[in-house]
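Working notes, structure below.
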Amino acid sequence: MRVLSIIHGTDAHAGTFGETVREAGHELHQVSYALDQPPTGRPREYDAAMVFGGSMNAHEEDEHPWLRPEKDAILELLDAGTPLVGVCLGSQLIAELAGGAVRRATEPEIGWHDVDLTAKAADDPVFGTLPERFPAYQWHSYEATLPGGAVELARSPICVQGYRLGDRIWGMQFHAEVTRQIVETWIASYQTDPAAVERGFDPEAARAELAERIDEWNRLGRGIAQAFLVAAAARAGTPAARATA
């Protein structure tokens, strides 16, 4: 398969998801509207797509004019029925374009926070690979509401953490793709995030916890990516099912 990877910064790339794509023998095409590196062809020409996180927010089109053409690209993927997964900002963009809303969460989630699967996740081809409860790496101050017809698959006490729309679109608020290097870059620049500063973010404690948890987290993230690729391969080139709750 040819897999499109949309990223929003050099410190917010495909991570373990990209590694898993390549290890499975698929082609990974990493592009970035934010870095003025859009795809050379039409998004709908890809067999599957992934949209990752970023420090910007979904509504900031005036500050980040490239958000509009990226949203158009995601809409093209949705209309084409391309198997698609979104992470953090990517998940929020997909939800917004599918009819949900993106809003500031009641409080930020930064660091490791427990996520619980819903009963409907048990037979989901992607989230069904996960334990019923697991500590997930997070870094966000905004959340997305479920689009009409979406199935909630996971949540935390703060917000929706995972959903499926139809039979080939998934969103996850947590960062299942991050490598140790990615998170260490975020930790080093935490002072650029007012929410982290306001909450008294402790970089040394964060690094210590990262060292303890990252190996297991990468194992889980690779499992998610593998499950998505299997589901995408089964659905690529076939008509999209109607979204049902």
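Results for (1) surrounded by 18 or more Cβ atoms within 10 Å (Cβ to Cβ); (2) modelled with pLDDT under 95; (3) out of contact with any Cys (no Cβ under 6 Å at 6 or more places or on another chain), shown as yes or no for each residue.
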residue	(1), (2), (3)
A176	yes, no, yes
R180	no, no, yes
W186	yes, no, yes
R199	no, yes, yes
A205	no, no, yes
D215	no, no, yes
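Just wondering, is there one or more residues in the range 129-137 that are modelled with pLDDT of 95 or more and touching a Lys or Arg at 6+ places or on another chain (Cβ under 9 Å)? Yes; the residues of the range 129-137 include at least one that is modelled with pLDDT of 95 or more and touching a Lys or Arg at 6+ places or on another chain (Cβ under 9 Å). The sole residue among L220, L210 that is of a type in the set (A, V, I, L, M), part of a helix (DSSP H, G or I), farther than 20 Å from I74 by Cβ and within 19 Å of the chain's Cα centre (by Cα) is L220. Within the range 179-202, not a single residue is of a type in the set (A, V, I, L, M) and outside any helix (DSSP H, G or I). Under the condition of being surrounded by 18 or more Cβ atoms within 10 Å (Cβ to Cβ) and among the β-branched types (V, I, T), the residues counted in the range 32-59 number 1. When T20 is tested against (1) part of a loop (DSSP other than H, G, I, E, B); (2) hydroxyl-bearing (S, T, Y); (3) closer than 23 Å to L220 by Cα, just one condition goes unmet, and that condition is (1).
Table: residues versus (1) at pLDDT 95 or above; (2) more than 24 Å from Q226 (Cβ to Cβ); (3) touching a helix residue (DSSP H, G or I) at 6+ places or on another chain (Cβ under 8 Å).
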{"position": "D114", "(1), (2), (3)": "yes, no, no"}
{"position": "D124", "(1), (2), (3)": "yes, no, no"}
{"position": "W139", "(1), (2), (3)": "yes, no, yes"}
{"position": "E143", "(1), (2), (3)": "yes, yes, yes"}
{"position": "P157", "(1), (2), (3)": "yes, yes, no"}
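Taking the range 23-58 as the range and being in a loop (DSSP other than H, G, I, E, B) and without any contact (Cβ under 8 Å) to a residue 12 or more places away in the chain as the test, the residues that pass are G25, T40, G41. The residue pairs whose first member lies in the range 179-195 and is over 18 Å from E216 (Cβ atoms), whose second member is modelled with pLDDT of 95 or more and part of a loop (DSSP other than H, G, I, E, B), and whose beta carbons are closer than 9 Å, counting only pairs six or more residues apart or on different chains, are W186/V178; W186/D193; I187/F201; Y190/F201; Q191/F201; D193/F201; A195/F201.
The values are calculated or read from the model by the stated rules, or taken from the named source; none is laboratory data. Source: prediction; values computed, not measured. So basically every Cβ, Gly included, is an ideal-geometry build from the backbone, and we count neighbours across all protein chains shown.
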